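Notes for the one structure printed next.
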Amino acid sequence: MFRISSINQYLTKSAAISGLCVLTACASGTTSVQEGGIYDPYEKQNRKIHEFNRSLDRSLVRPASRGISLLPDEIEGFIGNFAENLGQPSVVVNSLLQGDLKGAGISTSRFLTNTVLGAGGFIDVAAEFEMPEHTTDFGETLYTWGAGEGPYVELPGLGPSTVRNATGKVVDLFTNPLSYAVDSPEQYYGTAASTASRLSDRGRFADTIDSVLYESADSYAQARLIYLQNRRFELGQEDLEAEIDPFELDTEGF
């Protein structure tokens, strides 16, 4: 059930959080890495968190992903489509904050099409109509506003990040209008679907992820390099040739 009265609450809270994050993220810009470099002043703490994340993956995430992988591919696809569709309103908000009206229009069109014609988003009808895909997040919003990347950090349970992107992850918890317009427990469907989708991805790319986490000489350094290079590429900071393909990495190179 939609709660129209919550829209003002959503707009007020989003504006306040956005303003705060601009100040904190821009403040970190003075210590931001140079393009192509790695700024990791918290490496000692990060490595401890990395070991915790590896233990969490070994004991919980990897076994759960294997269970998800037992589902038929069609079911996994439905879950992924549903999670992506529920995230589109947040993409629309971030696109507008970036001044990207085209991107906001694409995400709005995909969301409406898949929601109405795709059984609530379980079927990606927009892809069948050859609608382009569009994705973004508040970390990219901060980037477009000129916020520096900041130090590299590894987050418990979430993995590699930077101060800017970690800030973005927090704000993105509040940028989806659906979380304000839908009552409980329906508002948690997106979180559950997103978690299941991530577990599905963990199972799908198990060989590559396992090679990084458990077969490389220094899994921390390798995961850090892969994350930073690919994130910068996503933001347009690197040429295509600079993107690191984890399938081509020498796992004994660190």
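Here, each number is a calculation from the coordinates, and none is a lab measurement. These numbers come from a predicted model, not from an experiment. Neighbour counts are summed over all protein chains in view; Cβ atoms, including those assigned to glycine, are modelled from backbone coordinates with ideal geometry.
A compact table of results
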{"quantity": "Neighbour-count ranking [beta-carbon atoms within 10 angstrom, fewest first] of VAL91, VAL171, VAL125", "calculated": "VAL125, VAL171, VAL91"}
{"quantity": "Surrounding net charge for PRO41, when Lys and Arg each add one and Asp and Glu each subtract one, Cβ distance under 14 Å", "calculated": "-1"}
{"quantity": "Karplus (6.51, -1.76, 1.60) ³J(HN,Hα), θ = phi - 60°, over segment 99-114, in Hz, Gly and Pro reported as x", "calculated": "x, 9, 5, 5, x, 4, x, 4, 5, 5, 5, 5, 4, 5, 5, 6"}
{"quantity": "Rg followed by Dmax, in Å, when segment 195-240 is reduced to its Cα trace", "calculated": "12.5, 33"}
{"quantity": "Order of THR191, THR113 under a 10 Å beta carbon neighbour criterion, fewest first", "calculated": "THR191, THR113"}
{"quantity": "Local electrostatic count, LEU97, Cβ distance below 13 Å [Lys/Arg +1, Asp/Glu -1]", "calculated": "-4"}
{"quantity": "Neighbourhood net charge (10 Å Cβ-Cβ; Lys/Arg +1, Asp/Glu -1) for MET131", "calculated": "-3"}
{"quantity": "Amide H contacts under 5 Å for VAL153, placed H, 5+ residues apart", "calculated": "SER161, THR162, VAL163"}
{"quantity": "Residue order, fewest to most surrounding Cβ atoms within 10 angstrom, among THR175, THR115", "calculated": "THR115, THR175"}
{"quantity": "Amide H within-cut-off set for VAL182, under 5 Å, with H built and near neighbours excluded", "calculated": "ARG3"}
